[in-house]
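Below is one structure; the comments refer to it alone.
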Amino acid sequence: MIRCISAVPALVDGDVVVSDSLAIIMAASIVFSGIQPHQNTPVARYIEEKTNAEEKTAWVNNAITKGFTALEDLLVSCTGKYATGDEVYLADLFLAPQIHAAINRFQINMEPYPTLAKCYESYNDLPAFQNAVPEKQPDAPASTS
């Protein structure tokens, strides 16, 4: 038995078995960082300082495209209304802001990612997600680009 409650999630890496959801997410965020560091405003600013705005945009778009392609391939077989079914789970809490930033900050075309686009539409139907967008936060800067 991998996990004492006989349920997922469990992360197995060689002889190491991790059954704590938050620890799994933290490990995955390090190993499979995907697009998050690239959407981080200080990282994007640093890239722009070292190159220029055009190169920053190309670099960020490339990183998001790679991440979204991988996510689309991963979720297409297990998605429902949301990322992993018809109920909101922790994955959705992490995915929704990534999609929101890609669309609103970097103008990513979601047409190649129909599964992610469908999830995003479903998120936008929920008041909790509507109220959580960065631009609705009291400390939101005038521009989040």
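Here are the numbers:
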{"read-out": "Region 114-145 and region 51-78: distance between their alpha carbon centers, rounded to Å", "value": "19"}
{"read-out": "Sequence-distant residues sharing a close amide H with G85 (under 5 Å, placed H)", "value": "G80"}
{"read-out": "Modelled label reach - K81, point 7 Å along Cα→Cβ, region 110-124 residues with backbone N closer than 20 Å", "value": "114-124"}
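Read-outs throughout are calculated quantities, based only on the coordinates presented, and are distinct from any laboratory measurement. Keep in mind that this is a model prediction, so the values were computed, not measured. Please note: Cβ atoms are built from the backbone with ideal geometry, for glycine as well, and neighbour counts cover all protein chains shown.
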